[in-house]
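Just so it is clear, none of the values below were taken in a lab; they were calculated from the coordinates. Note that the coordinates shown come from a computational prediction; the quantities given were computed from them, not determined experimentally. Note: ideal-geometry Cβ built from the backbone for every residue, glycine included; neighbour counts use all protein chains shown.
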Amino acid sequence: MDTIPFAHGPHDLVLIFSVFVLAGLVKGVVGLGLPTVAVGLLGIVMAPREAAALLVVPSLVTNVWQLLAGPAFGPLVRRLWPMLVAIVVGTVGGGLLLPGAGGADAAAALGGALLLYAAAGLASFVLHVPAGAERGASPLVGLVTGIVTAATGVFVIPAVPYLQGLRLERDALVQALGLCFTVSTVALGASLLLAGEYPAGAAGMSLAAPVPAMIGMLCGQWIRGRIRPATFRRCFFIGLLGLGLHLMLRPFFA
């Protein structure tokens, strides 16, 4: 795979800026999707964990904002801590044990994760987690989410369907997603540092990336009041489906 090095030229900087504006716009409209869109699009021109290195700071900023806006931080931490701990274990351990970040395999894995997420969204798949199953399922879901995060830089599968299946109130669900994504982002940053995959150039770009991400979020919030979010969400998943297919099939046509 031909990748963009971390010593970016002007055209590369414009590309990265535009990707984070678009990713922030999606998050502003539908309430999630910034890491998924950013890593998915950047995965076309760089390895997924290289893209994830650029994602750490903007993802942390936007998800902490989402986390602190909710009403039930303490109760959610007490309820979800086994899942959160397992996310950290899976992400850090996976980053140290999985094969290197580059190559077609990593891009195909990213494409597969996007494809599953998009298909579930388009099918309006709703997971129902029985009350008695949560204690055992929570750490397992966290561990799998962490491993997927380590491999692809995307932390929505299976965490998002699982949290939706807990039947939380809307505001609590949004806050739970922010909590999960915040922990995943911190764990991903630690994984990249421990694996020696977070060079100074990536850190500098990541520090600058919240600016276009916040611009996109503000635009998305403005758009949300003028279109049907369900329509935009469907378009988002269709686009994600196409992106996932492209990343999965590209090695066969390279």
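Data for the structure
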{"quantity": "Gained length - ALA190 relative to ILE238, 0.36 nm times residue gap less alpha-carbon distance", "calculated": "14.1 nm"}
{"quantity": "Residue-span extension gain [TRP65 to SER18] - 0.36 nm each, minus C-alpha spacing", "calculated": "14.8 nm"}
{"quantity": "Rounded to whole Hz, the Karplus (6.51, -1.76, 1.60) HN-Hα couplings of region 208-215, x for glycine and proline", "calculated": "7, 5, x, 5, x, 5, 6, 4"}
{"quantity": "The chain: most fluctuating residue of LEU173, LEU115, LEU15 per GNM, C-alpha cutoff 10 Å", "calculated": "LEU15"}
{"quantity": "Separation of the ASP105 and ALA123 label points, Cα + 7 Å toward Cβ, nm", "calculated": "2.7 nm"}
{"quantity": "Prolate/oblate/rounded label for region 122-254 (Cα gyration tensor, a/c 1.5)", "calculated": "rounded"}
{"quantity": "Per-residue Cβ neighbour rank within 10 angstrom, fewest leading, ARG167, ARG49, ARG228", "calculated": "ARG228, ARG167, ARG49"}
